[in-house]
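Student: Here it is: the structure, laid out below.
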Amino acid sequence: MKGDNMVPPIPSRQEALNRTRQNIEKKTAKSPGQLYAERENRVRDAISLKEPDRVPVNIGGGGYFAARYAGLNAAAMYYDVAAWRESLKKATLDLEPDLYEVGGGLAGSGLSLEILDAQQILWPGGNLPANTSHQFVEREYLREDEYDLFISDPFDFIVRYYLPRVFGALKPLSDLPPIMPLTGAAVFSTVLHVFARPELKQAGQALFRAAQAQEKWHQAMSNFREEMASLGFPPSSHLSCGGAPFDAVSDYLRGMRGSMLDMYRQPEKLVAACEKILEWRLLREISAYPKATGWRASCALLRGADGFMSRKQYESFYWPGMKRILLSLIERDLVPVVFCEGSCDSRLEYFLELPKGKFVCRFDQTDMVKAKAVLGGHCCISGNVPSSLLQVGSPQEVEEYCHDLIRVAGKGGGFIMTSSGFIDDASPANVKAMVDSVKKYRP
Amino acid sequence: MKTHVPSEQEALKRTIEETSKTPKQLYREREKRIWDAIQLKEPDRVPVVFGGTFFAAKYAGLPFSSAYYDAASWKEAYKRTMLDFGPDAYGTGGGNDSGLALETLDPRQMLWPGGPLHPNAPYQFIEGEYMKADEYEIFLDDPTDFILRYYLPRAYGALAHLSRLPPLRERFQGLPSLTTLFATPEFQEVARTLSKAGEAQTRWREGMGNFAEEMAAIGFPTIMQRGGAGGAPFESISSYLRGMQGAMIDMYQRPEKLLAVSEKMSRWQIARATPADPQKTGKQKLGGGGGILRGADGFMSR
């Protein structure tokens with residue numbers, strides 16, 4: 001009679017969001033809007049080398065961590081994106097950092113990768129067990145004698161050589177004759193009948209289905225940044241951009257071995273390819289990137305780290321392209337956040353060539369004392385709580401490490417606390433210790 | 001009085017009777033006659049080559065459109081004409097393009113009989129500015145990009161959506177952002193169109209069979225063997241890309257760009273030139289060149 005058998009209605013997404021906002025306000029005595037402004041300003045102060053009220057903290061590379069935090073597998077990033085999205089939110093809300101990081105560099109629809117038979121990646125739930133982090137598969141996707149083609153007719157290289165190598169389902173694209181001479185009636189005599197081949201039709205269908213799956217994945221992640229902002233959390237970066245052209249060649253095209261042999265055997269072609277990539281990137285930035293003041297653009301310094309090449313090689317092949325990319329971002333009022341993976345002790349001085357207070361260097365194994373000595377007062381540095389410590393250390397050990405960092409790197413401002421890299425297997429207690437350390441200790 | 005055009009069988013039989021030679025012998029004779037002329041040796045008589053295309057249709061009482069819509073009849077008409085007139089070789093055999101495939105692609109650069117033209121109107125090429133004056137750099141930087149995203153969408157109504165593709169050249173760092181483009185109904189439409197046109201063209205090619213082989217079997221060599229390096233780049237630029245007016249203005253206003261594109265094209269053509277006979281080196285065949293159109297008198301100074 002009183003309606004005992006009535007099931008309470010499931011709250012809509014907006015209602016749930018409102019409730020969460022109310023809870024935040026209750027807990028902190030501040031509105032999410034105020035908290036957002038506080039956190040964002042704290043971060044901007046650190047970047048522009050003013051001393052913030054305390055060291056800001058970014059959880060750092062939370063994709064798989066968030067999934068596991070919420071009791072999901074790593075595969076959720078690829079196959080259950082709605083749940084993954086919620087886990088990112090939950091981890092951030094629970095741990096209350098200043099910045100959150102989605103940290104899904106190669107995240108996308110697992111189904112899409114399956115349909116395309118992706119060769120460049122191994123991913124959980126696909127060709128890896130469901131709870132294993134993904135793997136990038138480096139190979140020579142550009143052969144040593146194909147530089148000329150890449151430089152003189154790049155679209156042709158991508159369509160007829162690269163895509164067939166990187167996606168098994170697109171192998172039939174290598175059957176297409178060259179596209180450049182398709183003027184006049186040449187489409188008919190050389191190309192058209194090729195499209196009737198069943199393999200090519202299948203490739204087209206695969207592309208379409210993969211695109212639909214990927215579109216669905218994107219939709220499920222749409223407005224995530226806005227949602228997190230409404231809950232009071234700014235993103236560690238607003239967009240990601242390519243880093244050094246050398247890394248593009250070394251990671252995606254020639255592989256590490258190939259690109260390093262090229263430095264000796266065909267340096268002019270390597271340099272020419274890097275210059276072409278730089279040119280395209282700079283052109284794209286003009287149309288692609290919003291001119292929004294202070295938006296953070298993440299990129300990585302990979303083969304530029306210590307040990308991969310000599311100083312001379314760094315100055316010939318690596319740094320000039322990287323520097324131009326970073327300068328062009330800064331010129332557009334964007335803030336590059338350069339993830340210096342590995343150790344970059346021997347590369348620190350080069351960052352002094354960039355404008356003061358306009359970028360962030362995030363460090364992994366670099367000596368933070370040295371980094372502060374060289375870059376303190378020039379740019380904001382970030383890092384470097386080891387992922388290993390966050391996984392197997394104790395909260396006490398994590399807190400001690402962070403305390404040292406705050407004292408040394410946080411002195412005078414210009415420091416953002418974060419992990420050294422992705423924190424796939426970190427224990428929540430340790431991550432909490434890292435986040436709490438900045439609230440407990442001052443420089 | 002209507003001329004009786006013999007069937008292929010009748011014509012072949014008559015040729016053998018009149019000449020007392022097999023088609024194979026006639027083929028060798030005719031080929032030698034032409035090679036002698038080329039090599040500046042005096043042949044037994046002046047060789048004569050049949051230019052081709054629609055005359056055969058007229059002679060056999062077929063509409064011109066059969067060269068696009070009725071492969072079997074077209075081939076037969078061509079062979080009968082050749083056998084009846086008995087020249088030494090033929091040029092273009094025509095019959096390259098399926099009318100149905102053309103209709104599917106909606107070409108803007110050509111009109112053909114049986115399509116937008118009357119069945120007995122000859123083929124028309126429609127010149128236009130398919131490359132704008134300020135697009136030379138795009139071609140130079142990335143020719144495939146230009147053809148795929150600028151030229152083909154302009155030249156074929158059914159491929160208009162290709163212009164919405166972004167340049168792929170830099171998208172080798174992750175397809176996901178790109179694949180969303182391919183999820184649109186417009187791209188599905190382009191894929192379907194290409195597939196449909198491809199099927200029509202495949203059926204046409206099957207209908208035409210190996211025309212050169214069939215002609216050789218009745219004794220006729222061609223002087224337009226496929227392969228080689230193709231024609232002068234200026235022809236392509238002037239005919240298909242910039243148009244005559246555009247290319248000629250370019251000779252004055254941006255000669256370096258015109259030359260750069262020509263240079264790029266000819267390097268490409270030479271690098272990809274195919275031999276006369278892939279099986280045997282040193283075996284010569286007639287053909288492989290392009291036409292000289294704008295190179296004729298009056299188009300430009302020495």
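Student: For chain A, what does the alpha-carbon gyration tensor say about shape, rounded, prolate or oblate, given a ≥ b ≥ c as the root eigenvalues, a/c under 1.5 as rounded, and a/b over b/c as prolate?
Tutor: Details: a/c = 2.05, a/b = 1.26, b/c = 1.63.
Verdict is oblate for chain A.
Student: Here's something else I'd like to know. Report, by chain and number, residues whose modeled amide H sits under 5 Å from the one on B:Met110, excluding near sequence neighbours (fewer than 5 apart, same chain).
Tutor: B:Ile126
Student: State the antiparallel share, in %, of DSSP beta bridges confined to the protein assembly as shown, rounding to the nearest 5. All intermediate terms of the calculation are to be shown ahead of the outcome.
Tutor: Numbers: 7 of 39 bridges.
Here the antiparallel bridges make up roughly 20 percent for the protein assembly as shown.
Student: Let me ask you something else. For the charge dipole of chain B, defined by +1 on Lys and Arg C-beta atoms and -1 on Asp and Glu C-beta atoms about the Cα centroid, which residue among B:Ala296, B:Ala197, B:Met244 has the Cα displaced farthest towards the positive pole?
Tutor: The Cα lying farthest towards the positive end belongs to B:Ala296.
Student: Would you mind classifying region B:99-196 by shape? Square roots of the alpha carbon gyration tensor eigenvalues, ordered a ≥ b ≥ c; an a/c under 1.5 is rounded, otherwise it is prolate if a/b is larger than b/c and oblate if not. Provide the component values of the computation, followed by the final result.
Tutor: Details: a/c = 3.76, a/b = 1.54, b/c = 2.44.
In terms of gyration-tensor shape, oblate.
Student: So if I place +1 on the C-beta of Lys and Arg and -1 on the C-beta of Asp and Glu, and nothing else carries charge, what would the dipole magnitude of region B:99-196 be about its Cα centre? I want it in debye, nearest 20. Please list the in-between numbers first.
Tutor: Details: 9 positive and 13 negative charges, 76 e Å.
That gives region B:99-196 a dipole magnitude of about 360 debye.
Student: Quick check on chain B: helices-only [θ] at 222 nm, where DSSP H runs of length 4 and up contribute -39,500 (n - 2.57) each and the sum goes over total residues. Nearest 500, please.
Tutor: Mean residue ellipticity at 222 nm (helix-derived): -13500 deg cm²/dmol.
Student: Here is a further query. Averaged over peptide B:197-209, how many Cβ atoms belonging to another chain are found within 10 Å of each residue's Cβ?
Tutor: Numbers: counts 7, 9, 6, 3, 9, 6, 2, 3, 5, 1, 0, 0, 0.
What the average comes to for B:197-209 is 4.
Student: A further question on this structure: Quote the charge dipole size of region B:1-124 about the Cα centre in Debye, to the nearest 20; the model charges only the Cβ of Lys and Arg (+1) and of Asp and Glu (-1).
Tutor: On the way: 16 positive and 16 negative charges, 55 e Å.
That gives a dipole near 260 debye.
Student: If packing is taken as the average count of other Cβ atoms within 10 Å, what order do B:122-134, B:240-252, A:110-122, B:37-49 fall into, highest mean first? Let's see the in-between values first.
Tutor: On the way: B:122-134: 14.9, B:240-252: 17.8, A:110-122: 21.0, B:37-49: 11.6.
Listed from highest to lowest mean packing, they are A:110-122, B:240-252, B:122-134, B:37-49.
Student: Of A:Lys358/A:Lys411; A:Lys26/A:Lys90; A:Lys30/A:Lys440; A:Lys291/A:Lys432; A:Lys323/A:Lys372; A:Lys291/A:Lys356, which ones are farther than 24 Å apart at the Cα? Spell out each step's value before the answer.
Tutor: Details: A:Lys358/A:Lys411 18 Å; A:Lys26/A:Lys90 17 Å; A:Lys30/A:Lys440 20 Å; A:Lys291/A:Lys432 35 Å; A:Lys323/A:Lys372 20 Å; A:Lys291/A:Lys356 20 Å.
Beyond 24 Å between Cα atoms: A:Lys291/A:Lys432.
Student: Where in region B:248-277 is the amide nitrogen less than 18 Å from a point lying 7 Å along the Cα-to-Cβ axis of B:Asp134?
Tutor: Inside the label zone: B:250, B:253-255, B:257-258.
Student: Taking the radius of gyration and the Kirkwood hydrodynamic radius from Cα positions alone, what is the Rg/Rh ratio for region A:55-174, to two decimal places? Walk me through the intermediate numbers first.
Tutor: Values: Rg = 18.0 Å, Rh = 16.1 Å.
Taking Rg over the Kirkwood Rh, I get 1.11.
Student: Cα to Cα, under 17 Å, and not fewer than 8 places away if on the same chain: which lysines meet these conditions relative to B:Lys21?
Tutor: List returned: B:Lys13, B:Lys32.
Student: Going by Cα centres, region B:241-261 and region A:13-37 are how many Å apart?
Tutor: Rounded to whole Å, the Cα centres lie 64 Å apart.
Student: Another question about this same structure. Using a Gaussian network model on chain A with a 10 Å cutoff between Cα atoms, which of A:Gly61, A:Gly184, A:Gly255 fluctuates the most?
Tutor: Judging by the Gaussian network model, the answer is A:Gly184.
Student: Find, among the trypsin sites (Lys or Arg not before Pro) in region A:264-347, those assigned to loop by DSSP (not H, G, I, E, B) with at most 14 other beta-carbon atoms within 10 angstrom.
Tutor: Numbers: sites: A:Arg265, A:Lys269, A:Lys276, A:Arg281, A:Arg284, A:Lys291, A:Arg296, A:Arg303, A:Arg311, A:Lys312, A:Lys323, A:Arg324, A:Arg332, A:Arg347; in loops: A:Lys291, A:Arg303, A:Arg332.
Loop-located and lightly packed - A:Lys291.
Student: Using a Gaussian network model of chain A with C-alpha springs under 10 Å, which one of A:Val81, A:Val194, A:Val102 is most mobile by mean-square fluctuation?
Tutor: Residue with maximal mean-square fluctuation among A:Val81, A:Val194, A:Val102: A:Val194.
Student: Another one. Excluding A:Ala66 itself, calculate the net charge of residues whose Cβ lies under 12 Å from the Cβ of A:Ala66, where each Lys or Arg counts +1 and each Asp or Glu counts -1. Please report the intermediate quantities before stating the final value.
Tutor: Values: positive: A:Arg68, A:Arg85, A:Lys89, A:Lys90; negative: A:Glu86, A:Asp94, A:Glu101, A:Asp424.
Taking every other residue near A:Ala66 into account, the sum is 0.
Student: Between B:Ser20 and A:Glu353, what is the label-point separation in nm under the 7 Å Cα-to-beta-carbon projection?
Tutor: 8.8 nm
Student: Apply 1/(1 + (r/R0)^6) to the Cβ-Cβ distance of A:Gln135 and B:Ala271, taking R0 = 41 Å, and write down the FRET efficiency to the nearest 0.05.
Tutor: Details: r = 38 Å, r/R0 = 0.92.
Using R0 = 41 Å, I get an efficiency of 0.60.
Student: Then there is this: If all Cα-Cα distances of region A:362-421 are sorted into 10 Å bins from 0 onward, what percent lands in each bin, rounded to whole numbers?
Tutor: Taking every Cα pair in region A:362-421, the percentages come to 25, 56, 18, 1.
Student: Using the Cα atoms of the protein assembly as shown to build a convex hull, what is its mean projected area in square nanometres?
Tutor: Numbers: hull surface 180.0 nm².
Dividing the Cα hull surface by four gives the mean projection, 45.0 nm².
Student: Which of the cysteines in chain A are isolated, no other cysteine C-beta under 4.7 Å?
Tutor: Cys with no partner Cβ under 4.7 Å: A:Cys241, A:Cys274, A:Cys299, A:Cys361, A:Cys379, A:Cys380, A:Cys402.
Student: Additional query: Scan around A:Phe339 for amide H atoms under 5 Å from its own, H built in the peptide plane at 1.01 Å from N, and keep only partners 5 or more places away or cross-chain.
Tutor: A:Cys299, A:Ala300, A:Leu301, A:Arg362
Student: Measure out, as a whole number of angstrom, how far apart the alpha-carbon centroids of region A:59-104 and region B:69-148 sit.
Tutor: 58 Å
Student: For chain A, modelled as a GNM with alpha-carbon contacts under 10 angstrom, which of A:Asn18, A:Asn384, A:Asn131 fluctuates the most?
Tutor: Among A:Asn18, A:Asn384, A:Asn131, the largest mean-square fluctuation in the Gaussian network model of chain A belongs to A:Asn18.
Student: Pulled fully out, how much extra length does the chain show between A:Ala288 and A:Arg13, if you take 0.36 nm times their separation in residues and subtract their Cα-Cα distance?
Tutor: On the way: separation 275, 0.36 × 275 = 99.00 nm, distance 3.09 nm.
Length difference between fully extended and current span is 95.9 nm.
Student: Could you pull out every one of the lysines with an alpha carbon less than 18 Å from that of B:Lys58, ignoring same-chain neighbours closer than 8 positions?
Tutor: B:Lys2, B:Lys75, B:Lys79
Student: If you filter region A:186-266 for GluC sites (Glu not before Pro), then keep DSSP loop positions with at most 11 other Cβ within 10 Å, what is left? Let's see the in-between values first.
Tutor: Values: sites: A:Glu199, A:Glu215, A:Glu226, A:Glu227; in loops: none.
Qualifying residues, ordered by number: none.
Student: Distances longer than 35 Å among the Cα atoms of chain B: what percent of all pairs is that? Before the final figure, lay out each step's value.
Tutor: On the way: 14652 of 45451 pairs.
Looking at chain B, the distances longer than 35 Å represent 32 percent of pairs.
Computed from the coordinates by the stated procedures, all read-outs in this text should not be read as laboratory data. Because the structure is a prediction, the values reported are computed rather than measured. As a convention, Cβ positions derive from the backbone with ideal geometry for all residues, glycine included, and neighbour counts pool all protein chains shown.
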